[in-house]
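Report on the following structure.
All of the numbers you see were taken from the coordinates with simple rules; none came from a lab. Just so we're clear, the structure is a prediction, and the values are computed from it rather than from any experiment. Counting neighbours? That spans all protein chains shown, and the Cβs are built from the backbone with ideal geometry, glycine included.
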Amino acid sequence: MTTPESEARALSQLLEQWTRHVAEVGAKCALGGDEAWDNVLRELAVDPLSKEERLRHVSEGPKRSRGAVPIELRWAATALYERGRSAARAIDLKITGSDATIDAIEHKLSSLVDEMLRAHIAATTPPVTTSNFFANAKATTPNYGAMGVGPGTSVAKCTTCRAPRQRTGEMRPCTYCGGKLE
Ligand SMILES: [Zn+2]
C-alpha cells in the first residue's frame, strides 16, 4: 500500500538517482556537452545554450578538461531542486506532523544547487601536474580581453568557477556558472 511515508522514501531515492545521473553525465560528457548531456537537459525540460554560446563559454570561461558548461549544470541542478521541492511539499501536505525523510529531503535540497556546482567544477578542472604546470597556468589564465575587461580594471572573481568579471556597481551572478562574486 502506498502511504505518504513510502512516497517520501521513493522521492528520496529518485532524487538521489537523478542527482548522481546529472553529476555523472555532466562531468563525463565531452567539453561543452554532447548528446548524452542534451538528453539530460531535455528530460529536465531545461533549454540549452545555443551551439555558439556553448563554444563561447568553453573558449572564454575558465579552462575545463571536459564536461558540460557550468551554467547548464546549474540550470539542470535548479530543475532538480524545483521538482524535488514541489514533490516534497505535496507529500508533506498528506503527512500529519513531521516526517524524517521529508526533513532530510528538504535539507538536501537547501544546498543541492551549490553542492552540485562545486562538485562539477572540481571534477572538470584540469589537474595541475609538474609536467603541465606552466602550460596549465597559461591555459587557465582567462582571456580578459574577450570579456571586455581592460588592463588596470578592478576584477572580481567568481567564488564558484573563478572566472574574473569586471567589478561594477551592480553585482550580477557569474556569466559562466551563475555563482556569486567575491
Ligand atoms: Zn562562475
*asked:* I'd like to compare 90-96, 14-20, 79-85: which one has the highest average count of other Cβ atoms within 10 Å, and what's the full order after that?
replied: 79-85, 14-20, 90-96
*At 7 Å along the Cα-to-beta-carbon direction for both A90 and H21, put a label point, then send me their distance in nm to one decimal.*
1.6
*Residues with amide H under 5 Å from that of K157, placed H, sequence gap 5 or more*: R165, E182
*asked:* Can you compute the charge dipole magnitude of the stretch 4-124 about its Cα centre, using +1 on each Lys and Arg Cβ and -1 on each Asp and Glu Cβ, nothing else charged? Give it in debye, rounded to the nearest 20.
replied: 340
*Quick one: if you stick a label point 7 Å off each Cα along the C-beta vector at A104 and L31, how many nm between them?*
4.0
